Amino acid sequence: MIDVHAHFDDARFDEDRAEALAALPAAGVTRLINSGSTHASCERALELTRQYDFIYASIGIYPHDTMELENGGMKYLREMAQQPKVVAIGEIGLDYYYDGTPKPIQQKWFHQQLELAEELKLPVVIHSRDAIRDTLEILRQHPNNTGIFHCYSGSVESLREVVELGWSISMGGVVTFKNSRVTKEVAAAVPADRLMLETDSPYLAPVPYRGKRNTSAYLPEVMAEIARLRGATPEEIERITDENACRMFKLK
């Protein structure tokens with residue numbers, strides 16, 4: 001299995017990071033993409049790629065941290081994004097759930113990071129929360145970009161627009177929650193060639209670990225629930241999502 005979105009650089013792994021990562025092969029996780037969200041977390045993600053053969057990095061600045069991109073911050077991000085084993089720009093996008101960075105500033109830096117991805121010919125990892133309309137409108141202005149909506153939380157109707165624009169989605173622990181009706185509908189409806197698996201570790205642990213620190217070792221729970229919803233076997237979902245991830249991110 002390939003976890004296309006995790007945050008093992010997070011402080012919640014500081015006490016046992018090596019042990020948590022060492023447990024992944026036994027759980028069936030062969031590769032993971034550690035996603036940055038600030039300059040500091042991108043630096044830590046790059047360090048993990050140097051320490052572990054099976055870890056790759058996604059480099060980008062989260063919507064509410066985009067003020068980091070002022071005063072040379074964008075130049076530094078470009079430098080990091082050209083380092084070995086960087087396979088995507090992200091997570092970037094829009095987050096209207098929190099009353100933090102003003103929308104116009106989020107949108108400005110979303111555009112600029114999309115332009116960086118196009119320049120470097122890298123796929124994009126999108127964070128979109130309570131902002132699907134504006135996210136899709138901005139992506140329409142960047143037709144040469146592609147990538148995934150991580151932890152996709154939109155409707156089936158919005159999914160159709162995502163797919164029509166040439167984008168894919170990744171799904172994590174939320175799909176296992178009893179009250180996640182819409183997410184389960186999406187898992188059943190997404191075209192097979194547009195689906196990938198993630199954990200968003202240490203966040204959003206799946207049932208039966210909900211409320212605990214998440215880890216990529218719990219990815220089989222996500223895969224099993226998606227398989228159930230699609231009337232497939234876990235092995236089929238593993239094969240399909242691994243193929244999609246390798247194709248999208250050019251993983252070896």
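What follows is calculated from the coordinates using simple rules that are stated; it is not laboratory data. Given the structure is predicted, the values throughout are model-derived calculations rather than measurements. Because the Cβ atoms are built from the backbone with ideal geometry, glycine has one as well, and the counts that use them run over all protein chains shown.
So how far, in whole Å, is the C-alpha centre of the range 97-125 from the one of the range 159-211? Distance between centres, Cα-based: 22 Å. Each Lys or Arg adds one and each Asp or Glu subtracts one; over the other residues with Cβ under 10 Å from the Cβ of D200, this totals -3.
Non-local lysine pairs in the chain, meaning eight or more places apart or on different chains, with alpha-carbon distances under 29 Å, amount to 18. Near L46, once Lys and Arg are set to +1 and Asp and Glu to -1 for all other residues with Cβ below 12 Å from its Cβ, the sum equals -1.
F177 to E236: FRET efficiency via 1/(1 + (r/R0)^6), r the Cβ-Cβ distance, R0 25 Å, to the nearest 0.05?
0.65
Converting phi to 3J(HN,Hα) with the Karplus coefficients 6.51, -1.76 and 1.60 and the offset θ = phi - 60°, the range 122-138 yields 10, x, 10, 10, 9, 9, 9, 10, 6, 8, 4, 5, 5, 4, 5, 5, 5 Hz in sequence order, with x at every glycine or proline. 3J(HN,Hα) along the range 172-184: x, x, 4, 5, 8, 6, 4, 8, 8, 4, 5, 4, 5 Hz, from the Karplus curve 6.51 cos²θ - 1.76 cosθ + 1.60 with θ = phi - 60°, whole Hz, x for Gly and Pro. Computed over the range 1-141, relative contact order equals 20 percent, with contacts defined as Cα pairs under 8 Å that lie 6+ residues apart. Which of P104, P220, P202 moves the most in a Gaussian network model of the chain with Cα springs under 10 Å? Per the Cα network of the chain with a 10 Å cutoff, P104 tops the list. Just to be sure I understand the curve: with the Debye formula and one point per C-alpha of the range 2-249, what is log10 I(q)/I(0) at q = 0.10 Å⁻¹? Log10 I(q)/I(0), no solvent term: -0.43.
Could you tally the net charge around K212, taking each other residue with its Cβ under 13 Å from the Cβ of K212, Lys/Arg +1 and Asp/Glu -1?
With Lys, Arg at +1 and Asp, Glu at -1, the neighbours total +2.
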